[in-house]
Structure formats: structure tokens, C-alpha cells
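The values are calculated or read from the model by the stated rules, or taken from the named source; none is laboratory data. Since we're looking at a predicted model, the values are computed, not measured. Positions of Cβ are backbone-derived with ideal geometry, glycine not excepted, and every protein chain shown enters the neighbour counts.
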Amino acid sequence: ITPKTNAQTLYTILLEILGAGMYGYVIGNIASLLANVDVARAQYLDKLEKVNTFMRFRKIPEDIQENIRNYYEYLWESRRGYDEAQVITDLPPPLKMKVALHLNRDVIEKVPIFKGASDDLIRQLVLKLQPAVYTPGDYVFRKGESGSTMFFIIRGSVEVIAEDGKTVYAMLTEGNFFGEIALLLKQPRTASVRAVEYCDLYTLDQDTFNNVIEDYPEFAHHVRQMARQRQQELGLEDSAITHDDSQQSNY
Ligand code: CMP
């Protein structure tokens with residue numbers, strides 16, 4: 001189309017300027033996006049190179065080296081190599097809370113016992129939940145060990161197994177939790193738990209659990225109910241878990 005009048009010429013010039021501007025803007029954004037990805041990738045490759053050099057220097061067995069390389073590959077694929085907990089640590093408290101709420105929204109949404117929890121409870125929990133990654137075949141803990149931490153599964157699956165490493169009591173996946181029995185009863189772990197695939201877990205320690213249940217007994221009630229049911233499935237007596245059946249819902 002060829003402009004004929006002055007107005008049409010002016011309109012065409014403006015349109016061409018706008019087009020050129022848009023083109024520059026889009027190309028600029030793509031370039032900066034690629035540059036950012038490259039920085040993260042370069043940092044990741046640098047770290048991997050250091051780890052590889054160390055493993056060769058200390059003659060780490062080849063199969064363990066392979067496991068470690070796979071672990072770093074998983075970290076790259078799942079979070080571009082960033083250590084989220086470290087990023088949060090460097091922030092001032094109000095920003096810490098905002099970022100933790102944003103990052104842990106997934107956790108809250110995926111774990112049914114957190115659904116419907118009040119904002120206060122979520123705020124108490126998000127800064128305390130600690131992320132942990134397990135690779136396929138890793139034991140999270142073994143039967144008989146002492147422990148006072150419970151775990152929430154955000155991604156992946158684990159199997160609850162007997163001491164023989166073969167008898168499987170249960171398979172737990174995204175949104176499930178485990179490890180609550182030792183936490184509640186201060187007794188050794190009643191079973192072993194092993195990662196079936198790459199797992200992203202969040203851990204909740206005894207102190208945080210105790211603080212939370214003072215204000216939010218319903219949360220503890222849910223956890224106790226599950227502990228009691230699992231103890232029965234394992235053929236164990238449900239000793240001290242029955243305390244709080246009369247608690248009222250707080251969220
Ligand atoms: P804990 O005893 O701390 O450590 C082993 C965990 O396995 C236990 O807590 C429960 O969370 C979990 N567990 C035990 N038995 C079962 C079961 N039958 N089904 C699901 N999870 C279980």
C-alpha cells in the first residue's frame with residue numbers, strides 16, 4: 001500500500017517508527033533473557049566443574065560421582081541451581097516473609113492438612129519449613145533412628161519400609177507427610193523411609209511444631225489422627241498420641 005495524502009504519509013511514518021521500536025524492544029528483551037539464563041548456567045557449570053575436580057582429586061567412586069552429577073542436574077532442572085533458602089536469608093525480615101510466602105505457596109497448596117489454614121498459621125510455618133532434596137534410593141531415615149523432624153512431600157514419592165529394606169508398608173506421594181510419630185512421641189522411628197525418585201521435601205522441626213500447636217491445635221489434631229492410624233497399621237499400640245481429641249477447630 002502506497003500513501004497518497006500527507007496524512008497517510010505521516011501515519012505510515014509513525015507506524016514504521018512504532019514497528020522499529022517494538023522490534024528493538026522484543027529483541028532487547030530476548031537478548032537480556034538469554035543473558036540471564038547464561039549467567040545462571042555459567043554459575044552452575046562452574047560449580048559442577050569444581051565438584052568434578054574435587055571428586056577426581058579425592059578419587060570418589062565412579063557410581064557416587066554419577067549420583068552427585070545427577071543430583072546437580074536435578075537442581076538445575078528444578079530450580080536453575082539456585083539455593084532458595086540462601087537467597088531468602090540475605091533479605092530483611094518483611095521481604096523474607098513476602099518471598100517465603102510466594103515460594104512456599106506451592107507447599108501450602110499441595111499439602112492437604114495446610115488447606116484452609118489461617119494466614120497466621122501459614123505465616124508461622126513458611127519461614128520455618130526447610131527444603132531438602134533426596135535422590136532415588138536415598139534413605140531419609142532408618143527404622144530405630146532417633147529423630148524429631150517431620151517431612152512434607154512436595155514433589156516425588158517415598159516408600160515406608162521395614163528394616164529388611166523389602167517389605168513396603170506404604171507409598172507416599174506429593175502432599176503426604178511422614179515422620180510425625182517420632183516427633184509426637186519422642187520415640188525411635190517406627191519404619192524406614194526411602195526415596196523412590198527425586199524428592200523435594202520440606203522439614204518441620206519439633207520446636208516449630210510445638211509453637212504452632214499452642215496456637216493452632218487443629219493442625220496438631222490432624223497430625224495426631226494420622227499418627228494413630230499409622231501406628232495401628234504397623235500393629236503398634238497408639239500410646240500417648242490420643243491426648244487432644246477434644247480440641248476445637250482453629251482454622
Ligand atoms: P516415624 O515413626 O517418625 O518414622 C517412620 C514414619 O513412617 C512414621 O513416623 C510415619 O510417618 C510413617 N508410617 C509408618 N507407618 C505408615 C503406614 N502404614 N502408612 C504410611 N506411613 C507410615
Options 217, 188; residue that is surrounded by 15 or more Cβ atoms within 10 Å (Cβ to Cβ) and over 24 Å from the mean Cα position of the chain (by Cα): 217
Candidate set from region 68-118 (those that are assigned to a helix (DSSP H, G or I), touching a strand residue (DSSP E or B) at 6+ places or on another chain (Cβ under 8 Å) and of a type outside the set (Phe, Trp, Tyr)); member that is modelled with the lowest pLDDT: 106
Qualifying residue in region 130-151 (condition: surrounded by fewer than 18 Cβ atoms within 10 Å (Cβ to Cβ), part of a helix (DSSP H, G or I), away from the ligand (no atom under 15 Å from the Cβ) and under 16 Å from the mean Cα position of the chain (by Cα)): no
Every residue from region 180-198 that is more than 7 Å from the ligand (Cβ to nearest atom), under 19 Å from residue 157 (Cβ atoms) and in a loop (DSSP other than H, G, I, E, B): 196, 197, 198
